[in-house]
Amino acid sequence: MSIVNSQADKIKEISGSNPLKCMKCGKCSASCPSFNEMDIKPHQFVSYVQNEDIQSLVESKSLWKCLSCFACIERCPRNVQPGKLIDAARQIVVRQKGQDYLKADEIPELIDPETPQQLLVSAFRRYRR
Amino acid sequence: MSIEANEEFKPKIVAFCCNWCSYAGADLAGSSRLGYPADVKIIRVPCSCRVNPMFILRAFEKGADGVILCGCHPGDCHYSTGNFYARRRMTMLFSMLDYIGVENGRTRVEWVSAAEGVKFSTTMNEFVEKIHSLGKNVRLGDLRCRN
Amino acid sequence: MQRIGVFVCHCGSNIAATVDVKKVAEWALKEPGVVHAEDYPYMCSEAGQSKIQAAIKEKNLTGVVVCSCSPRMHETTFREAAERAGINPYMVEIANIREHCSWIHKDMEEATKKAVILMRAAVAKVNLNTPLKPGESRVTKRALVIGGGIAGIQTALDIAEAGYKVDIVEKTPSIGGRMSQLDKTFPTLDCSACILTPKMVEVNKHENVNIYTYSEVEKVSGFVGDFTVDIRKKARSVDMDKCTGCGVCQEKCPSKKTPSEFNRALNTRTAIYTPFAQAIPNVPVIDREACIKFKTGKCGICEKVCQAGAIKYDQEDEIITEKYGAIVVATGFDMIKLDNYDEYAYSQSKDVITSLELERIMNAAGPTKGHLERLSDGKAPKEMVFIQCVGSRCSDDRGKSYCSKICCMYTAKHAMLIRDKYPDVNVTVFYIDVRTPGKNFDEFYRRAVEDYGVNYIKGQVGKVIPQPDGKLLVRGVDLIDNKQILKEADMVVLAAAIEPNKDVRKIATMLTASIDTNNFLTEAHAKLRPVESPTAGIFLSGVCQGPKDIPETVSQAGAAAVKAIGLLAKDKLMTNPCTAKPDELMCNGCSQCANVCPYGAISYEVKEINDHGVRETRRVASVNSALCQGCGACTVTCPSGAMDLQGFSNRQILAEVDAICR
């Protein structure tokens, strides 16, 4: 229980958003471009964090289907911003495995010269914190 | 360090609150159970402009470690302009106090409305913390008229 | 030397749980002047008050300190009790050991120590208290109502019916307000104009009511019972006495391109105009910014066609100064601007409209003569989508944190009316919650669903995307079905949040009435004094105090009128005796105090002063205690320390400071 609990707290801490503020309007799910790909919908994410069922979140497909397009973050009227929660759950998975997937100096060899620079930078920002 | 270093420092803090906004804000902090240290004692005045610089000097003379003046937000004064006078007077007084060695952190003006119980409590917490970091007010010690 | 009694209240366990009340009473006896101290579970109760009164009589007390809740709560209670026992009510002081002590501290020892100090400060003050006598001020038997919507009209009518004179100041050229823009009203679906216009006529004809339209409040001075108000009557450019309201000037006016304020800019109006056909007064106004005559000097058609010779291009703004005993604020509301809600494409498509705009479209006198049609191409819509809570219940900085209260009901009304008149139109409502508290309200909403087949979907809309073919693609969610919905609509109606009229801040500042972070005027007490402002003599009517529908607005308007009548019915008011008082021996007549006085209460008189045996004629300050409100600005300004504030004198406050720092 305490582990689950601390995971929910961790998500709140990383995301900086308070799921209790949610008024369940569903604007996040109404805005989500990958809604149909997700098994747990963006508005449900909030309830899962509220109910401290982080395990289901971590195992869900949704975690990796979120495009981080920020539509839900932009439009959430209550500053709950499910996109941030999803991102925080992803962070937890990345941190849990306790390994660096890539080191900075390995990248030049792997890189496709066509890859936009911006994508690399944003990928680094997200996963190498 | 001071000789009383072993004893826990209990600052004496005087808060002047205007009747219409800040005193009501303090009441709201109370009814919302928003705590702040017991070192703060509130004196009710009709308006922040009633606070004569003399009162603040007297408080420091008598051993206060900090004095805070709370009034309505600019433009919201019950008497329309009182807090503007208070602001000007306190700006002058605080710079003079600073000049004679009563640090600026020991004096403060804050606008707290009747709806801002949270702000009242956080302000008081911050202020007490600041006074703790500054320690005992010794500057006016030799001027102090002890009973 | 005073003989002071200290009374410590337990307030049940509110105080006694964290403050050792017995100890506070014990310590009190050690204070100078204290001859009696006791504690009691409820000091404010009948029994508690009689304890105080008995002690006053038995021990010959001259002063009383009650250690209890905030003086804002029970100061008056205890002062009245003391007065009944024969001592001056201003010999009573309260030490606030509940809100400022027991409720915020947890440690008993610490809280008790603080309570003792607060008690000491109060005792120190009472030692220097002097008996004070309240003065009297007169009441001007005339009320001012700011705003001529349904709230203002109802308040004015009720006050006028009670036999008092009322003036209404309305900013726009006609009274009627928002309600005059509505088509039908819920929950009975009667036509808004049919119930409003008779009231407008009634208030206009009432012998006790005087209406200033196209006018604004410019300056307010004075205080409860005796306000002086400057009203700017803007130049109408039309002589109100001569105009017959024939309307020829409006027909002939060549400047026709100004967006109509009344029709929410959905169509245009002429430069000389009355906002709507049933306007009261039925006298047009020349909009000088649109008028060709005012812009270029050439035109003057209206003057030529006016048979009554009522057009007056050289009319100027007029300032009317009037005295009032009470002021009622009824400034109403507006819809929020939707600039921040780009996802709903309000600025991109003419077919995305607000509910108030739909109200004008549905109205027979509106821009489409009451035909439901798309504003972009005039076609009849087949699919309509309503989006609720646009800008309401937002905790971000784009919208308002509160629920606008009226949207659920008017959307049900719109949906029902459309389904009734155009059964082939499909209506979908996206809602977060349907809030229908009110008599016959939920039945009304259920009728929309059950009898009229309105499709209510629990969920929000994320985006409205205008399509090249003119349709609107609505992407929403059905939270019950857990499905995302893509829907092609012909029209989208946004239930935009309502906000207080933007001028209300200016007016509140003039009135020194307090206002909350959402610009709603604050009531004196949320439950027990909901139609009064904390500023005496100012009353609140309608949406200026918080979101309301018409029935609620009308009942609040009546309540505000009753409170105003209660004030106007008095011949005299007792004034606060805590006023400034100059020491004539110390005053040097420098005029500094008069300069800072916000009420103009200080004047100077030349009189003979006996200065320790030397008779001199001097110029000294004199305070009009009926005008002085007791702020104390003058006391600090006075360079010679001659000015002092009764009830909060320098010596009293210094004694409190000393007691606290002891």
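The stretch between C:Ala380 and C:Ser45 holds 113.7 nm of extra length on full extension. This uses 0.36 nm per residue minus the Cα-Cα distance. Once the C-beta distance of C:Lys572 and C:Asp469 is scaled by a Förster radius of 60 Å, the resulting FRET efficiency is 0.25 to the nearest 0.05. Dimensions of the range A:2-98 along the principal axes, based on C-alpha atoms and rounded to the nearest Å, stand at 33, 26, 17, largest first.
Each other residue within a Cβ distance under 15 Å of C:Leu61 adds +1 if Lys or Arg and -1 if Asp or Glu, for a net charge of +1. Between helix C:650-661 and chain C there is an angle of about 80 degrees, using the helix long axis and the longest principal axis of the Cα atoms. Shown is the FRET efficiency for A:Asp39 and C:Asn267, computed with R0 = 56 Å from the Cβ-Cβ distance and rounded to the nearest 0.05: 0.65. When only Cα pairs below 8 angstrom with a gap of at least 6 residues are kept, chain C shows a relative contact order of 13 percent. Over the protein assembly as shown, the Kirkwood radius and the radius of gyration, each from Cα atoms, give a ratio Rg/Rh of 1.03. As a ratio to 2.2 N^0.38 Å, the alpha-carbon radius of gyration for the range C:248-305 is 1.07.
Converting phi to 3J(HN,Hα) with the Karplus coefficients 6.51, -1.76 and 1.60 and the offset θ = phi - 60°, the range C:528-541 yields 9, 9, x, 10, 10, 7, x, 7, 4, x, 10, 10, 10, 9 Hz in sequence order, with x at every glycine or proline.
About the centre of its Cα atoms, chain B shows a dipole size close to 440 debye [charges on the beta carbon of Lys, Arg (+1) and Asp, Glu (-1) only; nearest 20 debye]. Using only side-chain charges placed at the Cβ, +1 for Lys and Arg and -1 for Asp and Glu, the dipole size of the protein assembly as shown relative to its Cα centre rounds to 640 debye. When only alpha carbons are used to place a centre, the range C:68-111 and the range A:105-121 end up 72 Å from one another. Note on chain C: with charges restricted to the Cβ of Lys and Arg (+1) and Asp and Glu (-1), its dipole about the Cα centre is near 500 debye.
Taking every alpha-carbon pair under 8 Å whose residues sit at least 6 apart, the range C:248-305 reaches a relative contact order of 35 percent.
The value of relative contact order for the range B:10-138, using C-alpha pairs under 8 Å at least six residues apart, is 39 percent.
Distant-in-sequence amide contacts of C:Ala580, defined by a placed amide H-H separation under 5 Å and a gap of 5 or more residues or a different chain, comprise C:Gly630, C:Gln646. Summarising the label geometry, the points placed 7 Å from Cα in the beta-carbon direction at A:Glu13 and C:Lys59 lie 5.7 nm from one another. Paramagnetic label reach from C:Cys194 (point 7 Å along Cα→Cβ; backbone nitrogen cut-off under 18 Å): within the range C:153-179, residues C:179. With a cut-off of 11 Å between beta carbons, the residues surrounding C:Thr321 carry a summed charge of -1, where Lys and Arg count +1 and Asp and Glu -1. Backbone N atoms of the range C:164-180 closer than 14 Å to the 7 Å Cα→Cβ label point of C:Glu318 are not found in any residue. In the protein assembly as shown, what percentage of the DSSP-assigned beta bridges are antiparallel, given to the nearest 5? Around 45 percent antiparallel, to the nearest 5. When each of C:Lys413, A:Lys10 is scored by the number of other beta-carbon atoms lying within 10 Å, the sequence from fewest to most is A:Lys10, C:Lys413. Cβ crowding within 10 Å, taken as a proxy for footprinting-reagent exposure, orders C:Leu132, C:Leu521, C:Leu472 from fewest neighbours to most as C:Leu132, C:Leu472, C:Leu521.
Compute the angle between helix B:117-134 and the longest alpha-carbon principal axis of chain B, please, reported from 0 to 90 degrees and rounded to the nearest 10. Tilt of helix B:117-134: around 20 degrees. Taking the centroid of alpha carbons for each part, the range C:142-185 and the range B:14-67 are 43 Å apart. Between the range C:186-228 and the range C:406-478, what is the C-alpha centre distance in whole Å? The range C:186-228 and the range C:406-478 have Cα centres separated by 34 Å. Exposure proxy ranking for C:Tyr452, C:Tyr90, B:Tyr99, based on other Cβ atoms within 10 angstrom of each Cβ and starting from the fewest, stands as B:Tyr99, C:Tyr452, C:Tyr90.
With each label modelled as a point 7 angstrom along the Cα→C-beta vector, the C:Thr509-B:His132 pair spans 4.0 nm. Other residues with beta-carbon under 15 Å from the beta-carbon of C:Ala193 carry, at +1 per Lys or Arg and -1 per Asp or Glu, a net charge of +1. Evaluated at q = 0.12, 0.15, 0.20 Å⁻¹, the base-10 log of the normalised Debye intensity for the range C:4-126, with identical point scatterers placed on the Cα atoms, takes the values -0.35, -0.55, -1.00.
Cα-based values for the range C:115-198, radius of gyration first and Dmax second, are 24.4, 67 Å.
For the cross-link pairs A:Lys41/C:Lys337; C:Lys382/C:Lys413; A:Lys12/A:Lys61; C:Lys257/C:Lys382, which exceed 27 Å when the distance is taken from alpha carbon to alpha carbon? Long pairs (Cα-Cα over 27 Å): A:Lys41/C:Lys337; C:Lys257/C:Lys382. With R₀ fixed at 51 Å, the C-beta to C-beta distance from A:Glu59 to B:Ala115 puts the FRET efficiency at about 0.65.
Model label points for C:Ala536 and C:Arg398, set 7 angstrom from Cα along the Cα-to-Cβ axis, are 4.7 nm apart. Each of C:Gly135, C:Ile117, C:Ser13 was scored by the projection of its Cα onto the charge dipole of the range C:1-153, and the greatest displacement toward the positive side belongs to C:Gly135; charges sit on the C-beta of Lys, Arg, Asp and Glu. Dividing the helix sum by the residues of the protein assembly as shown, where each DSSP H run of 4 or more adds -39500 (n - 2.57), gives a mean residue ellipticity at 222 nm of -9500 deg cm²/dmol. Computed over the range C:283-412, the alpha-carbon pair-distance distribution with 5 angstrom bins reads 2, 7, 12, 12, 11, 10, 12, 14, 10, 7, 2, 0, each value a whole percent.
Eigenvalues of the alpha-carbon gyration tensor of chain C, scaled by 5 and square-rooted, set the equivalent ellipsoid semi-axes at 57, 35, 20 angstrom, largest first.
Every read-out reported here was derived from the displayed coordinates using simple, explicitly stated rules and does not represent laboratory data. This one's a predicted model, so the numbers in the text were calculated from it and none came from an experiment. Note that each Cβ is placed from the backbone with ideal geometry, even for glycine, and that neighbours are counted across all protein chains shown.
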